[in-house]
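Here, each number is a calculation from the coordinates, and none is a lab measurement. Since we're looking at a predicted model, the values are computed, not measured. When we count neighbours, we look across all protein chains shown, and the Cβ atoms used for this are built from the backbone with ideal geometry, even at glycine.
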Amino acid sequence: MKNRDQPEVDLKNGILYGTLKQIRLGTDVDPESPNLLQTWVCTIQPKNSKALISLLKQNYDDEPRIRHLKRLTKVGDHIKAIICPYEEESQRNEISNSLRSLEYDDLEVIKVPRDQASTRETTLKWSSIWPLTWKGNPNHQFLNTVKFDMTQERQMVNELLSYLEQTNNSDSSVTVMAKEVDNKIAIQTVALNKGERHPSQHSVMKAIDAIARNENNQRKDGKQERGYLCTDMIVYTTHEPCVMCSMALVHSRIVRCTYLKPVSPGGGMESSYYLGDLDGLNWKFQIWRWLGEPELSRLNEAVDNVRLEY
Ligand SMILES: [Zn+2]
């Protein structure tokens, strides 16, 4: 078995179990100008630091959006401390209230780096805005902690290929949308495209439509109440989605997308804009390309290699 030599996590190439390759933009942020987050910050005398820390622990403890930031920093002979992310001006009263046992000089809203930096150098640069903690490359942390049940993943990919083979058409593409229920990945819909060129007929679009119709019906019955139609959805698709389909996945707020065949030109992920991993759009999701050889050769037997748009 070839896989035996491969490490579970290949940090350098972003490959898990020798089978799932992470597709990402890589240079996620401009080191010169980080994205910023507005936060409430108060100024205190150093002698009040201890009291403040215990207040923060009590009232503003676990906020993931500020975990990469040092909570306190020295400015001249004062201490500035981040209390929590800014949502709206009306928080001011509530915060003043929670700090009332403390002598503080000022309560203001300031902008701090929104993200963890991916290198130590960038961390240092951004720390001139507000000090950041460096705990190593965040993507490495992600790769080391993300977990896949590879038996299930392989099973889903093989199901996808079975649907593809059933179309008996080398111009076909197939998309499966699934959802994790009690640690099991359960298929919610399957969509096929037997070579239709128009994007509305692409398998990803058809799958999103099917989920949307289903959700809307359930909503009419009063069973569901959710803002976005495909939240929680895991997408398996034979081909890298085109730009239109990739944007539709972003708008649908899926959890992740795994595809087998890159499509260049035409694909909207690794072949062009990295839609799904792009900062500045309102949603990001994980993108993976399947590298498992038995499945790839099964795919290549079923589809035409010349076709370009899916
Ligand atoms: Zn498409």
Exercise. Just for region 148-302, what percent of DSSP beta bridges are antiparallel, to the closest 5?
Worked result: 60 percent
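Kindly provide the helix-only [θ] at 222 nm of the chain, computed as the sum of -39,500 (n - 2.57) over DSSP H runs of four or more divided by all residues, to the nearest 500 deg cm²/dmol? Working shown, then result.
Working: 8 runs with 90 residues, N = 310.
Dividing the helical sum by the residues of the chain leaves -9000 deg cm²/dmol.
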Seminar exercise, completed: Bounding extents of region 1-139 in its principal axis frame from Cα atoms, largest first in Å, are 66, 30, 28
For this session: Determine which lysines satisfy two conditions relative to LYS47: a Cα distance under 18 Å, and not lying fewer than 8 residues away in the same chain.
Result: LYS57, LYS74, LYS80
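Divide the volume of the convex hull of the Cα atoms of region 148-302 by its number of residues and quote the answer in cubic angstrom per residue.
Details: hull volume 17.4 nm³, N = 155.
Enclosed volume per residue, from the Cα hull, is 112 Å³.
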For this session: Largest first and to the nearest Å, give the Cα extent of region 92-231 along each principal axis.
Result: 73, 43, 34
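Kirkwood Rh over Cα pairs of the chain into Stokes-Einstein at 37 °C, 0.692 mPa s: D in µm²/s?
Values: Rh = 22.2 Å.
Approximately 148 µm²/s, per Stokes-Einstein.
Take the Cα radius of gyration of region 36-114 and divide it by 2.2 N^0.38 Å, with N its residue count; two decimals is plenty. Walk me through the intermediate numbers first.
Numbers: Rg = 11.6 Å, N = 79, 2.2 N^0.38 = 11.6 Å.
The value comes to 1.00.
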For this session: Determine the sum of side-chain charges near VAL190: Lys and Arg each +1, Asp and Glu each -1, restricted to other residues whose C-beta is under 10 angstrom from that of VAL190.
Result: 0
Problem set entry | Relative contact order of the chain, defined on C-alpha pairs under 8 angstrom at six or more residues apart (%) | 17 percent
Seminar exercise, completed: Over 29 Å (Cα to Cα) among LYS12/LYS111; LYS111/LYS284; LYS184/LYS261; LYS135/LYS284; LYS125/LYS261 -> LYS12/LYS111; LYS125/LYS261
